[in-house]
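Written below as structure tokens is the structure these notes are about.
Just so it is clear, none of the values below were taken in a lab; they were calculated from the coordinates. No experiment lies behind these values; they were computed from the predicted model shown. Please note: Cβ atoms are built from the backbone with ideal geometry, for glycine as well, and neighbour counts cover all protein chains shown.
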Amino acid sequence: QVQLVESGGGLVQPGGSLRLSCAASGFTFRSYGMSWYRQGPGKERELVASITTDGRINYADSVKGRFTISRDNAKNTMYLQMNTLKPEDTAVYYCNTFVGFRHYWGQGTQVTVSS
């Protein structure tokens, strides 16, 4: 069965960096697009970044120039490098894929940006 496990979240000061990872299993990772979403306190879940099977990338305007999404098909893992973090980036970050006509989500990893 499809499993997505996020890691790498934590508490960081404004201007700092974090690297999130999403370890995938239960499906042919290289054959599916992958995405990062986030949900801040009192906010709707929103798309942060996505990457297709052939490496095409899309970012939310709020993170362009600061975040970088990537994938390693040999390791069945997706990453999100987050630089110049701001307090408004505070959220639970979720890994997502769409397999067999349904969405799958990880359990999420908390990112808190605060001084």
Open item on the list: Explain nothing, just compute: Karplus ³J(HN,Hα) = 6.51 cos²θ - 1.76 cosθ + 1.60, θ = phi - 60°, for every residue of region 54-66 in order, whole Hz, x for Gly and Pro.
Closed with: 9, x, 6, 10, 9, 10, 5, 4, 5, 10, 4, x, 10
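Would you work out the charge dipole size for the chain about its Cα centre, treating the Cβ of every Lys and Arg as +1 and the Cβ of every Asp and Glu as -1, and quote it to the nearest 20 debye?
Working: 12 positive and 8 negative charges, 31 e Å.
With only Lys, Arg, Asp and Glu charged at Cβ, the dipole is about 140 debye.
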Task: Net charge, Y79 excluded, C-beta distance under 14 Å - Lys, Arg +1, Asp, Glu -1 - done: +1
TODO: Under a 10 Å cutoff between Cα atoms, tell me which one of F27, F101, F67 has the largest fluctuation in the Gaussian network model of the chain.
DONE: F101
Task: Stokes-Einstein D for the chain, Kirkwood Rh over Cα pairs, 20 °C, 1.002 mPa s (µm²/s) - done: 152
TODO: First select every other residue whose beta carbon is under 13 angstrom from the beta carbon of E46; then total the charges, Lys and Arg +1, Asp and Glu -1.
DONE: -1
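Restricting the count to DSSP beta bridges whose residues both fall in the chain, what percent are antiparallel, rounded to a multiple of 5?
Working: 38 of 41 bridges.
Restricted to the chain, the bridges split so that about 95 percent are antiparallel.
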TODO: Would you mind putting 54-65, 76-87, 33-44 in packing order, based on average other-beta-carbon counts within 10 Å, highest first?
DONE: 76-87, 33-44, 54-65
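Local charge sum around A60 (other residues, Cβ-Cβ under 10 Å, Lys/Arg +1, Asp/Glu -1)? If you can, show how the numbers build up before the last one.
Details: positive: R38, K64; negative: E46, D61.
Charge balance near A60 sits at 0.
What is the calculated FRET efficiency for F101 to S7, with r their C-beta to C-beta distance and R₀ = 35 Å, to the nearest 0.05?
Details: r = 28 Å, r/R0 = 0.79.
FRET efficiency, F101 to S7: 0.80.
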Open item on the list: Students often forget the sequence filter, so: which lysines lie under 26 Å Cα-Cα from K43 once same-chain residues fewer than 8 apart are removed?
Closed with: K64, K86
